[in-house]
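Notes follow once the structure below has been shown.
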């Protein structure tokens, strides 16, 4: 049975698409994954998600009589360089390789992870071709697009001839996808528990939201959302107040969209022994929205929590936080 939970100033629903031209896209990441199936079980997962931070603490238990060693990876969201040439991606750091500010610890000590970043075009690895041409693999983060625009006409023509870009000198559009992953080799000693913690800045998208733009159904542009009547009333009140403060052209709320891939390749043994989720809307007056199956309870002025034993994720997290715009 699907449970729709709503509270004053906070509803549980999915992230919505952009509603204005000056919007930025959300990209979903998730937790760590094992590169092969192992007998190690996830004894506990403690997950914190807000528009500005994701923090995860895993407890992995090896109940067998043998040590287990595997590569642990954290895949970042793919970046389509053509898609984001003409539109904005959400919050990124200026580091082209670690564009989410990923950090990790094992049993309280920092992990020296490796970074694998590659450019893929139509299934082919074109990383070497780009590096030979002096082009950064990730042009989406930092000053990448400006570096691309600054290439000489001859280099641009060569990249177009190779199919790595399209257009001409005035509209030079890259065509590859950036794939990035962090990884390290992890040992899980027999009859021991290993604690792995990692954190990163989610690629939170931003757009504008108005209750008048929403269709009254369970779907909006093929995205689930879960608003009840009291919440609709709250949103209409907020929108009316925003319109009064902003003028006739106003009435919109800032919408921050954050995704977390909870249904990863779960190639450890069994369900999650104990799963604890904390959602943070950051400001008491904000509206937090998420579709969720379960009893999610308010735990503070800005936080909501969910706890379950023997938990098997049935959906990913698409968090929407709505904030009243400040008057100009």
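Filtering 111, 72, 33 for residues that are more than 13 Å from the chain's Cα centre (by Cα), farther than 21 Å from residue 313 by Cβ and in contact (Cβ under 8 Å) with a residue 60 or more places away in the chain leaves a single hit, 111. Meeting the requirement of 2 or more residues that are touching a strand residue (DSSP E or B) at 6+ places or on another chain (Cβ under 7 Å) and closer than 25 Å to residue 282 by Cα, the strands (runs of 3 or more DSSP E) wholly within region 41-138 are 41-49, 54-62, 103-106.
When 210, 269, 289, 217 are checked against the criterion of being closer than 30 Å to residue 64 by Cβ and either buried (at least 21 other Cβ atoms within 10 Å of the Cβ) or at pLDDT below 80 (or both), 269 stands alone in meeting it. Filtering region 158-184 to residues that are in contact with a helix residue (DSSP H, G or I) (Cβ under 7 Å, 6 or more places away or on another chain), surrounded by fewer than 16 Cβ atoms within 10 Å (Cβ to Cβ) and outside any strand (DSSP E or B) leaves 162, 169.
The values are calculated or read from the model by the stated rules, or taken from the named source; none is laboratory data. Not measured: the values here are computed from a predicted model. Please note: Cβ atoms are built from the backbone with ideal geometry, for glycine as well, and neighbour counts cover all protein chains shown.
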